[in-house]
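Remarks on the structure that follows.
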Amino acid sequence: MPRRVSPRWFLSAAMLVAAFLAAVGCAQTAPAPTPTTAAKPAATTAPGAPAATSAPQAAAPTAAAAAAPKEIKIGVLLPLSGGSASTGLDLKYANELAAEIVNGKYDLNMPLAKTEGLPNLGGAKVTLVFADHQGTPEKGQSEAERLVTQEKVVALFGCYQSSVTQTASQTAERLGVPFLNAESSSPGLTDRGLKFFFRTGPTDATFGKNLFDMLDDIQKQKNIKLKTVGIVNENTLYGTDANKLTKQYAQERGYQIVADIAYPANTSEVTSEVQRIKAANPDVLFQVSYTSDAILFMKTYKQLDVNPQGILAYGAGFVDPEFRKVLGKDSEFVITRAAWSPDIAQKKPLAKAIADMFRSKYGQDMTENSARDFTGMITLLDAINRAKSTDPKAIQAALAGTDIPGDQLIMSWPGVKFDDKGQNMHAQGINMQVSGGQYYTVWPFNAASKEIVWPRPKWADIK
Amino acid sequence: MPPPDFPVHERGNAQVTAELLVQTAVNGLLIGFVFSLVAVGLTLIFGMMEIVNFAHGEFLMMAMYASFWMWSLFALDPLVSLPISTLALVLLGIATYKLIIKRILNAPMLAQIFATFGLMVFLRSLAQFLWTPNFRVIQHSMVSDGRLELGGIFLGLPQLVAAAGAVISFAFIYWFVERTETGRALMATAEDRDAASLMGINSDRMFTLAWAIGSGCVGVAGALLSTFYYIQPEVGAVFGLTTFVVVALGGFGSIPGAFIAGLLVGLVQVMAGLFIAPSIKFAVVLAIYLLVVLLRPQGLLGKY
Amino acid sequence: MSQPQGDITGQWAPGASRTQPLEEGTRRSPLKLLALGALLLFLLIYPWIFTLPFQQHIAILIFLNALMAVGWNVLGGYTGQVSLGNTIFFGVGAYTSAVLLKNFLISPWGGMLVGIALSVVLAILVGYPCFRLQGHYFAIATIAVGEILYTAVINTQELGAAVGIQLPILPESWINMQFHDKAPYYYISLSFLTLAMLVVYKIERSKLGYYFRAIKEDQEGARALGINPTNYKLIAFIISAIFTSMAGTFYAQYITFIDPYSTIYLMVSITMCLIAVLGGLGTLWGPVIGAVVLIGLSESTRVMLGGTGTAVDLLIYGFLVVAVAVYQPNGLMGLLNSLRRRRK
């Protein structure tokens, strides 16, 4: 059948072009950010601000001299779907709470609580624009770019998974926009020495050292000797870095590494991994996993009766409330490094106030993940306020000069102050253990609220 | 071995290699049975109409969710609600056939792939949309905390029950296909559609039946899996690829082939994980598959 | 087993002949050339009209995906062999140029050539044994190859393992293939696509294209005529490998970050195949149209609805894919053709 040109051809082609333009044009009017909500994240798409109005981000600050903006937009990148979605939601709540406190008037001894909005910017309100990076570095990157170039956010915040934080912050650096990270622990992120990257939370270098210091203390206190160490880690940046650090510390302190297992997430069974651990029979087992794998491994440990003297986790999945909820008593006695523990709320009135607010608003307890994000968001907003402008360079300078005293934080840190690589030099960690379904600080011993249980009882004995 | 100078647990540091081997093999077989069961549904459908259902993994996911919701909302143990999940999947299979597959029976293979792939994406996102991407776990079902110990080998009760369920389902299908008239009509249609219809066998009915049975198998497998695996919208992807390999390895259209291949895959996977490295265990499965299929293109027991 | 109607990837249209002959009656109508010229002009000045990064990003994504789909189409649409493993070439292209750039500071253009060479070798190594397999078996074998490569890379530290490779940020230049703006990327990807389409256009009208179609229609018949199917399938495979590899290198340079999940993943293979099918198998413009619609759709739904984490965007995408497959299996080009036919 011979090909012949007809007006239909043009019509169809024109329709295609129109469809394409519609798609592209739709992208231009990005929806309004999800408003701060109580319990469930509602999906509202109000007509968004047209792209043409606000001044371009990277340009020189004529905006600063002009009328102060009514709204300050912060882009928040989180895993709102996938295996870490429950953590993502936890973090979202923390950020929303921080924004709400800043926007409203609260009698709390912390930055920006007592005023409404950002006082140095004419009381401008903070609006958070959430984006779901789905746990993939590639999406993190493209969402970061979209938030800056389309949504015109003045700063970026996120991303939880270290691998995603890495690419998203690289994009931020390229676009010249400040990026504040509160809860990714891979040390490499600040080792890069990026100008616009700041991290308030501790790194796994700190956390790892804490775990090994704790092992030293345990051996001293109980007069025992621990010889062998096993490491199980997921294979993205977070797990790989934690693995390297653990191996390094273990070798420095004379432990023998009998199991070194990297696994990819989403496998249909973990029996091979667990069998290897069982065969190696380490005294101490280090685990680096996100939530779904953490649960799967614990269940398999129980099933195959793997009984190391201690299971030491690098946070992440192990501090997710889902972990304890799903496993129930099977989660008892797990020890994890953390930046914050619920019992700090008992010691610090500010922490208690915020934790109570969190619980009453969202129906679940604050975790060390949400505590870190809350602190990080306040730090960022405080810096924007001190910058007195939305110019990225001014915000960056303000961040570099941050010095928040410890008593204004819900953390047990001495404060927030960044070194020249953007790392909070006052970030500290503790170790906590599950007891009766709750996490309690067990180390440092002099700050512990409960005594550590070591060795871990065998599965058969955990009732 | 010198006596240890620190408190040890019961098992001590003894190398129990033989025991470890048997334990691993047992685990491999147990999960292999589940692979087989999921695969048999797929191979049945393919054998009938040469359509690869790319959404097969998502059918499994739906079955798992069905079990979960019946446990969560009505406190029904997955094993008790198994007939209901199976029925739900049977209905899903029939609906898929009538609404989608029937219309693309004669379309090029790619259009078929396209259609079932679209269904896969649709079902996966539907699950996420309706039930959030958070994963769910059925806690404390009748069997989920159980464990048998036979001569030092631990057999997880849920896995054991799943394997038993798979064997029973297989036996049923085998009996159905070989011994009943409907079953034989099914096979006849699979063998030669036109000849069978000349004999008075309604192809459309047979196809519907194939989809019903195939999806029913998945329903059973899903209910059994839900007792020990976590449930989330992406779980279909995890088992889906394995299922395709099992079916192709066993030979498209061969039910006994799918059964054997499932066990083989389960075994190879855990052994490779133990002896080589857990991170490449699935790659070893795939390599073995490639080897078999290059030497014997129709799969182990395949027809062509 | 009774044969389903139509060959495994043949065009299906009630009442139409099995394959569309291409040579007869193709008139170089001035109207058609004018349309082509207008399109070209539009594409050339597009970055000047649509200056927002996201708009240019969508165009670049479309070109990139169309390029891969055009490559896939040579083997899948024209020659009838369904490969679901073409992601390996994408990965090889991306990783080769990334590693050479990062470790040896070799220009990505050179890296691209090396990547192409490696992809060609890989195509021969994979194709030669696998082309013995038919239909579904071949498809699943290609999936297996893809997964094996994925596992291999994920476990290789020198290639960044699961963490991936972050490409170094170099001074903006054409030799470095790195730019601040998106416009240069736009033009590069557009030229790659145009080059690929010219090659396919030439093949369509050549003896090679004739052999491809012969193999697709009736492999044994072709063999009887003295054509060695395996050789020609390999040629088709190599051609698709080359285009896909180019796309991989470009991707690495554009995104400046690669990991196994984004480059050697089954979904990448499937997307290439989907776009070609949606647009129309074995046609020149099919992959392009498919890319426009698919990418436009998925990006716009993701932007509008993806942030809520409810996957509504994917829901719509999946539904539409099923609808098209059921109601228009010949793709959009088939739709155009049938509109044309009805008009006669």
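The values are calculated or read from the model by the stated rules, or taken from the named source; none is laboratory data. No experiment lies behind these values; they were computed from the predicted model shown. Ideal geometry is used to build each Cβ from the backbone, glycine not excepted, and the neighbour counts take in all protein chains shown.
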Please work out which residue is surrounded by the most Cβ atoms within 10 Å (Cβ to Cβ), limiting yourself to region A:193-208 and to residues that are touching a Pro at 6+ places or on another chain (Cβ under 7 Å) and assigned to a loop (DSSP other than H, G, I, E, B). A:T203
When only residues in region C:259-284 that are of a type outside the set (D, E) and assigned to a loop (DSSP other than H, G, I, E, B) count, which is farthest from B:M120 (Cα to Cα)? C:L284
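Out of everything in region A:114-147 that is among the polar types (S, T, N, Q) and free of Cβ contacts under 8 Å to residues at least 60 places away in the same chain, what residue ends up being farthest from C:A162 (Cα to Cα)?
Filtering region A:114-147 for residues that are among the polar types (S, T, N, Q) and free of Cβ contacts under 8 Å to residues at least 60 places away in the same chain, the one farthest from C:A162 (Cα to Cα) comes out as A:T115.
Can you report the number of residues in region A:144-169 which are of a type in the set (S, T, Y) and surrounded by fewer than 24 Cβ atoms within 10 Å (Cβ to Cβ)?
Filtering region A:144-169 down to residues of a type in the set (S, T, Y) leaves A:149, A:160, A:162-163, A:165, A:167, A:169.
If we keep only those that are surrounded by fewer than 24 Cβ atoms within 10 Å (Cβ to Cβ) too, we end up with A:149.
Of the residues in that region, 1 qualify.
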Considering only region C:112-219, give the helices (runs of 4 or more DSSP H) lying wholly within it that have at least 1 residues that are among the β-branched types (V, I, T), at pLDDT below 95 and under 30 Å from A:G193 (Cα atoms). C:135-154
Members of region A:170-187 found to be buried (at least 17 other Cβ atoms within 10 Å of the Cβ) and touching a residue at least 40 places away in the same chain (Cβ under 8 Å), listed by number: A:L175, A:V177, A:P178, A:L180, A:N181, A:A182, A:E183, A:S184, A:S185, A:S186, A:P187
Residue ranges of helices (runs of 4 or more DSSP H) in region C:25-108 with at least 1 members at pLDDT below 90: C:30-49, C:53-73
Qualifying positions in region A:313-347 - among the aliphatic types (A, V, I, L, M) and more than 27 Å from B:P133 (Cβ to Cβ): A:I335, A:I344, A:A345
Would you confirm, using the coordinates I've provided, whether A:N109 is assigned by TED's automatic domain parsing to the domain that holds A:I74, surrounded by fewer than 24 Cβ atoms within 10 Å (Cβ to Cβ) and touching a helix residue (DSSP H, G or I) at 6+ places or on another chain (Cβ under 8 Å)? yes
Which of the residues that make up region C:258-267 are more than 9 Å from every other protein chain (Cβ to nearest Cβ) and buried (at least 24 other Cβ atoms within 10 Å of the Cβ)? C:P260, C:T263, C:I264
Checking the conditions here, which among A:E183, A:E151 is away from every other protein chain (no Cβ under 12 Å), acidic (D, E), over 19 Å from C:G160 (Cα atoms) and touching a Gly at 6+ places or on another chain (Cβ under 8 Å)? A:E183
Within region A:200-234, work out how many residues are under 15 Å from the mean Cα position of the chain (by Cα) and over 16 Å from A:R337 (Cβ atoms). 1
Report yes if some residue within region B:109-120 is surrounded by 23 or more Cβ atoms within 10 Å (Cβ to Cβ), without any contact (Cβ under 8 Å) to a residue 40 or more places away in the chain and not in a helix (DSSP H, G or I); otherwise report no. no
Which members of region A:397-423 meet the condition of being touching a Pro at 6+ places or on another chain (Cβ under 8 Å) and within 19 Å of A:F196 (Cβ to Cβ)? A:L399
Some residue of region B:243-255 being at pLDDT 85 or above, touching a helix residue (DSSP H, G or I) at 6+ places or on another chain (Cβ under 6 Å), small (G, A, S) and over 21 Å from B:A63 (Cβ atoms): yes
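So which helices (runs of 4 or more DSSP H) stay within region B:232-304 end to end and still have 1 or more residues that are under 30 Å from B:F129 (Cβ atoms)? Don't jump to the end; show me each part of the working.
Numbers: elements: B:235-250, B:255-275, B:281-295.
Per the criteria, B:235-250, B:281-295.
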Taking region A:285-316 and keeping only residues that are touching a strand residue (DSSP E or B) at 6+ places or on another chain (Cβ under 9 Å), in a helix (DSSP H, G or I) and small (G, A, S), one is left with A:A294, A:A316
Mind telling me which of the residues B:A115, B:A127, B:A164 ends up being out of contact with any His (no Cβ under 8 Å at 6 or more places or on another chain), at pLDDT below 85 and among the aliphatic types (A, V, I, L, M)? B:A115
Filter region A:87-129 for residues that are within 14 Å of chain C (Cβ to nearest Cβ) and among the aliphatic types (A, V, I, L, M) and give the result. A:L89, A:L91, A:L128, A:V129
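Residues checked against (1) within 11 Å of chain B (Cβ to nearest Cβ); (2) polar (S, T, N, Q); (3) free of Cβ contacts under 8 Å to residues at least 60 places away in the same chain:
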{"site": "A:Q256", "(1), (2), (3)": "no, yes, yes"}
{"site": "A:S272", "(1), (2), (3)": "yes, yes, yes"}
{"site": "A:A279", "(1), (2), (3)": "yes, no, yes"}
{"site": "A:L285", "(1), (2), (3)": "no, no, yes"}
{"site": "A:D293", "(1), (2), (3)": "yes, no, no"}
{"site": "A:A313", "(1), (2), (3)": "no, no, yes"}
{"site": "A:L327", "(1), (2), (3)": "yes, no, yes"}
{"site": "A:V334", "(1), (2), (3)": "no, no, no"}
{"site": "A:M357", "(1), (2), (3)": "no, no, no"}
Take the residues in region C:95-143 that are in contact with a Phe, Trp or Tyr (Cβ under 6 Å, 6 or more places away or on another chain) and over 20 Å from B:V52 (Cα atoms); name whichever of them is farthest from the other protein chains (Cβ to nearest Cβ). C:S119
Go through (1) within 30 Å of A:E322 (Cα to Cα); (2) more than 8 Å from chain C (Cβ to nearest Cβ) one by one and return the number of the condition B:R179 breaks. (1)
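Residues in region A:149-160: is at least one in a helix (DSSP H, G or I) and either acidic (D, E) or farther than 26 Å from A:Y314 by Cα (or both)?
In the first step, residues of region A:149-160 are kept if they are in a helix (DSSP H, G or I); the result is A:149.
With the extra rule that they be either acidic (D, E) or farther than 26 Å from A:Y314 by Cα (or both), the set shrinks to A:149.
Checked against the condition, which is being in a helix (DSSP H, G or I) and either acidic (D, E) or farther than 26 Å from A:Y314 by Cα (or both), region A:149-160 yields at least one hit.
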Within region A:209-236, can you find the residues that are among the hydrophobic types (A, V, I, L, M, F, W, C) and either within 30 Å of C:L159 (Cα to Cα) or in a loop (DSSP other than H, G, I, E, B) (or both)? A:I224, A:L226, A:V229, A:I231, A:V232
Pick out the one residue from B:S141, B:S197, B:S169 that is small (G, A, S) and part of a loop (DSSP other than H, G, I, E, B). B:S141
For the condition free of Cβ contacts under 8 Å to residues at least 24 places away in the same chain and not assigned by TED's automatic domain parsing to the domain that holds A:T171, what is the one hit in A:K220, A:K227? A:K220
